[in-house]
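Below is one structure, written out as structure tokens, with a few remarks after it.
The values are calculated or read from the model by the stated rules, or taken from the named source; none is laboratory data. What you see is a predicted model, and the numbers here were worked out from it, not measured in a lab. Positions of Cβ are generated from backbone atoms using ideal geometry, with glycine treated the same way; all protein chains shown enter the neighbour counts. These accessible areas exclude ligands, DNA and RNA; they are computed on the full protein's heavy atoms, side chains included. Shrake-Rupley method; radii C 1.70, N 1.55, O 1.52, S 1.80 Å.
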Amino acid sequence: MNTTSLAQLAAQVRNLLDIEQIKNLKHRYFRCFDMADIAGIAAVLHPAVVLDVNGGIYRFRVEGREKYLDMVREGAHAEMIMQHNGHHPEIDIVSPTQATGVWYLQDSVWEFRRKLRITGAAIYRDRYEKLTGTWLIKHIEFQRIHEIVEPLEQPPNVTFSYLATHAKKLPPGELEAYKKE
Amino acid sequence: MNTTSLAQLAAQVRNLLDIEQIKNLKHRYFRCFDMADIAGIAAVLHPAVVLDVNGGIYRFRVEGREKYLDMVREGAHAEMIMQHNGHHPEIDIVSPTQATGVWYLQDSVWEFRRKLRITGAAIYRDRYEKLTGTWLIKHIEFQRIHEIVEPLEQPPNVTFSYLATHAKKLPPGELEAYKKE
Amino acid sequence: MNTTSLAQLAAQVRNLLDIEQIKNLKHRYFRCFDMADIAGIAAVLHPAVVLDVNGGIYRFRVEGREKYLDMVREGAHAEMIMQHNGHHPEIDIVSPTQATGVWYLQDSVWEFRRKLRITGAAIYRDRYEKLTGTWLIKHIEFQRIHEIVEPLEQPPNVTFSYLATHAKKLPPGELEAYKKE
């Protein structure tokens, strides 16, 4: 058996703790996102976070935590259901304060007002930064694997929706269509 | 570089091992549940386990491992398919024998006798206890994010079902409807 | 508090690092598989890998990395979408170079040429081997929990498909039907 010094061991354990903290960070992000928990999302984002999304029917880029939160405040509402699940994390700790992550996203969104159902999968390529002892999401890049958009002429039989009672009510009228900027 | 003592390191490693064991515990639970493996489920539950489920079309509470297993023996049968996947674990080790966990459940159940398909997502809030060296599930609280119930007039083309050959056969007749107690 | 020696700690940390590496290995496998990344798949497979699949409408066995890669080169094409997600890892490190893993697979495949949609779940039982410092997938056994095959008369409204532009184009004509060998 070869021997490992205390300092080597401490570095390995630090690595494992950082990986677990970053997985938790992203897990909280998904939970808070689908429940439109703005304060919860704010707590996992870096002040200078950049989001770069390249979907099938939309493309957009958001810079800064405040604009990110505005996007969620605007986008999440009572007449939709969202499900975003991050699978297969591949986390690399690059330095004591920098890390990268790859995730396989499965997403499913019902938009009752827009009469659309969007389902798909994507690869997330993230960068994380540790600020004053806490890992935060610094950069998110979203590359589609597939996306399917189906018309939703009749809403399904929704027997429970958290967003219906916890997210903002929409004013009457049509929502803006998605666009590839 | 700051130094970490052997005792500090041992505590950090203990924490990581506990987290991994608890994830495994819940992973076995889901695997055994969807395959109606009663002995496998019994092995992951605390004798005093409490299950508190607040779904869209059902609400119930079960107290104690024997009643929990009775519920599975009653509920799982050959004319259904169940899929329960636990995503995004957020595990906190509270003491050497107490821990909590948050999970994001995705569930999909086809009930051919009841002619229903139920799909949804929920947040699990769990408590775990270590008894004689083994982590067990002590308390499960289930809060819906969304639930959709669709009629299943015609069963789909099922080309394989483990429960069809491994779970109990139903007597003829209708099953009791779900209810919110 | 009981004390843990440096050597005991090093063994526990080695175990945790191995588990994390094996999870990453399988996560990369799924990502590369659904994107038909042959080089990426080659990098995670043992030269003597065995794949033993027992599905609902197909059964096959592949021996050796080259035949495995041939199978992917043959099977992945521009007129399909694949989604394979591995949940609930239960990894056991058996020795410094041998490990086992159990995973809960959720799979969804759209075959536009065959006009089929196959969805299901399965248990993977894997064996891993560490070769010159790198964990590789050595043996994969696939046991179905459920499988549903639906006709796909009309393709859905696919608004993005990575395989459509990155996988091989099919020659005209019908594809061979699946078979249980």
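Remarks
- Of all the residues in the stretch C:153-178, those that are more than 24 Å from the chain's Cα centre (by Cα) and under 24 Å from C:G56 (Cβ atoms) number 5.
- Filter result for A:I118 (in contact with a Leu (Cβ under 9 Å, 6 or more places away or on another chain) and closer than 25 Å to C:Q83 by Cβ): no
- There is at least one residue in the stretch A:159-172 that is over 25 Å from B:A121 (Cβ atoms) and at pLDDT below 95.
- In the stretch B:9-59, residue most open to solvent (accessible area, probe 1.4 Å) [restricted to those that are of a type in the set (S, T, N, Q) and at pLDDT 95 or above]: B:Q21
- Restricting attention to the stretch C:60-78 and to residues that are of a type outside the set (A, V, I, L, M, F, W, C) and closer than 20 Å to C:A122 by Cα, the residue that is most open to solvent (accessible area, probe 1.4 Å) turns out to be C:R61.
- Subset of the stretch B:100-134 (residues that are open to solvent by 10 Å² or more (accessible area, probe 1.4 Å) and either touching a helix residue (DSSP H, G or I) at 6+ places or on another chain (Cβ under 9 Å) or of a type in the set (A, V, I, L, M, F, W, C) (or both)): B:V102, B:V109, B:W110, B:F112, B:L116, B:Y124, B:K130, B:L131, B:T134
- Residue within the stretch A:133-155 that is out of contact with any Leu (no Cβ under 9 Å at 6 or more places or on another chain), modelled with pLDDT of 95 or more and of a type in the set (K, R) present: yes
- Note on the stretch A:107-129: residues that are free of Cβ contacts under 8 Å to residues at least 40 places away in the same chain and either under 30 Å from A:P171 (Cβ atoms) or charged (D, E, K, R) (or both) total 9.
- Exactly one residue out of B:T165, B:T100 is more than 20 Å from B:I41 (Cβ to Cβ), out of contact with any His (no Cβ under 7 Å at 6 or more places or on another chain) and of a type in the set (S, T, Y): that is B:T100.
- Here A:T3 meets the list (1) open to solvent by 20 Å² or more (accessible area, probe 1.4 Å); (2) within 21 Å of A:K180 (Cα to Cα); (3) modelled with pLDDT under 95 almost entirely, failing just condition (2).
- Whichever residue in the stretch C:110-148 is away from chain A (no Cβ under 14 Å) and part of a loop (DSSP other than H, G, I, E, B) and, among such residues, is nearest to C:D18 (Cα to Cα): C:T132
- Residue within the stretch B:74-87 that is closer than 30 Å to A:F33 by Cβ and out of contact with any Asp or Glu (no Cβ under 9 Å at 6 or more places or on another chain) present: yes
- As for the stretch A:149-163, it holds at least one residue that is in a strand (DSSP E or B) and closer than 30 Å to C:Y29 by Cβ.
- Considering the stretch B:151-175, and only residues there that are among the charged types (D, E, K, R) and within 23 Å of B:R73 (Cβ to Cβ), the residue that is least open to solvent (accessible area, probe 1.4 Å) turns out to be B:K168.
- In the stretch B:135-150, the residue that is nearest to the chain's Cα centre (by Cα) out of those that are open to solvent by 50 Å² or more (accessible area, probe 1.4 Å) and touching a residue at least 60 places away in the same chain (Cβ under 8 Å) is B:E141.
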